[in-house]
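Heads up: the structure comes next, in structure tokens.
What follows is calculated from the coordinates using simple rules that are stated; it is not laboratory data. Just so we're clear, the structure is a prediction, and the values are computed from it rather than from any experiment. Quick reminder, even Gly has a Cβ in these numbers, built from the backbone with ideal geometry, and neighbours come from all protein chains shown.
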Amino acid sequence: MSARILVAEDDPKQANLVRVYLEREGHSVLLVGDGRSALEQCRARRPDLVVLDVMMPVVDGLDVCRILRAESETPILLLTARTTEDDILLGLDLGADDYLTKPYSPRELAARVRALLRRARVVTADNRAVLRVGDLEVDAGRFEVRVGGRLVALTAKEFGILEVLAGEPGRAFTRAQIIDRAFGFDHYVLERTVDAHVMNLRRKIEDDVAEPRYVQTVYGRGYRLAAPASRSTTASTPEGAPGARR
């Protein structure tokens with residue numbers, strides 16, 4: 001159950017310890033050291049879960065929690081040295097989903113992260129609509145893709161790319177945007193890696209890889225999923241012109 005996790009902790013040793021344990025669980029982890037950076041990265045990166053220290057510089061963790069909860073339903077796990085009942089209740093009232101008091105066991109933190117992710121993904125799977133573009137169906141809750149009713153087996157990265165493109169048919173995404181949305185904090189993904197995954201994806205969902213109906217190249221930009229109305233007209237686009245298919 002790999003996830004993109006943002007850890008906001010101003011103590012470098014503590015932050016790296018949390019990162020090590022979460023990466024052992026298979027998660028991709030981004031570290032920030034203050035509240036303002038936490039807000040900026042949450043808005044830009046859209047993590048699956050936030051581990052948030054209460055005592056942080058610039059903007060404290062409770063304010064970050066309150067702002068994030070007003071903007072999204074991302075699960076938040078608070079780390080706090082404040083152990084009174086009032087402090088804990090305040091954090092929960094501001095929107096935190098769970099908390100750990102310091103000092104804590106990294107193994108317990110990892111277990112609580114697993115529990116929060118399970119809970120969040122049950123809700124997400126139940127509420128996610130099936131994305132349909134013509135005869136292409138992308139069911140994020142079931143992790144299934146169908147073309148003309150035929151089930152197509154995709155890898156996780158291929159599915160992630162297709163889910164991003166299918167969310168906004170007709171919109172051209174840069175490779176960097178695809179990496180950010182589909183792979184999160186996986187810094188090992190390069191832009192040319194996206195091209196390789198797209199080629200494999202096309203082999204699985206396209207009738208003709210040389211003339212793709214769905215995943216189209218937008219020259220000078222990146223890739224898009226052609227909307228049903230545009231698929232009947234793109235064949236007349238001159239080769240090499242902006243928006244030409246390949």
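So here's what we get for this one:
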{"read-out": "Rg over Rh [alpha-carbon atoms, Kirkwood Rh] for the stretch 33-175", "value": "1.07"}
{"read-out": "Computed FRET value (nearest 0.05) for Asp60 with Arg203, which takes r as the C-beta separation and R₀ as 45 Å", "value": "0.35"}
{"read-out": "For a label point 7 Å along the Cα-to-beta-carbon line of Ser2, residues of the stretch 21-47 with backbone N under 11 Å", "value": "26-29"}
{"read-out": "Nearest-ten-degree value, helix 12-24 long axis tilted from longest Cα axis of the chain", "value": "50"}
{"read-out": "Exposure proxy order (Cβ contacts within 10 Å, fewest to most) of Ser28, Ser105, Ser2", "value": "Ser105, Ser2, Ser28"}
{"read-out": "Spin-label pair Arg46/Arg118, simplified geometry with 7 Å Cα→Cβ offset, distance in nm", "value": "2.6"}
{"read-out": "Matching label, semi-axes √(5λ) of the Cα gyration tensor in Å computed from the structure shown, candidates [x] 27, 24, 22; [y] 36, 23, 18; [z] 40, 17, 16", "value": "[z]"}
{"read-out": "Under 21 Å from the Cα of Lys102 - lysines, other chains or at least 8 residues apart", "value": "Lys13"}
{"read-out": "Burial order of peptide ranges 198-211, 154-167 (average beta-carbon count within 10 Å, highest first)", "value": "154-167, 198-211"}
{"read-out": "Residue with peak Gaussian network fluctuation, the chain [Cα springs, cutoff 10 Å], from Gln14, Gln41, Gln216", "value": "Gln14"}
{"read-out": "Eligible lysines near Lys157 by straight Cα distance, threshold 22 Å, same-chain separation 8 or greater", "value": "Lys204"}
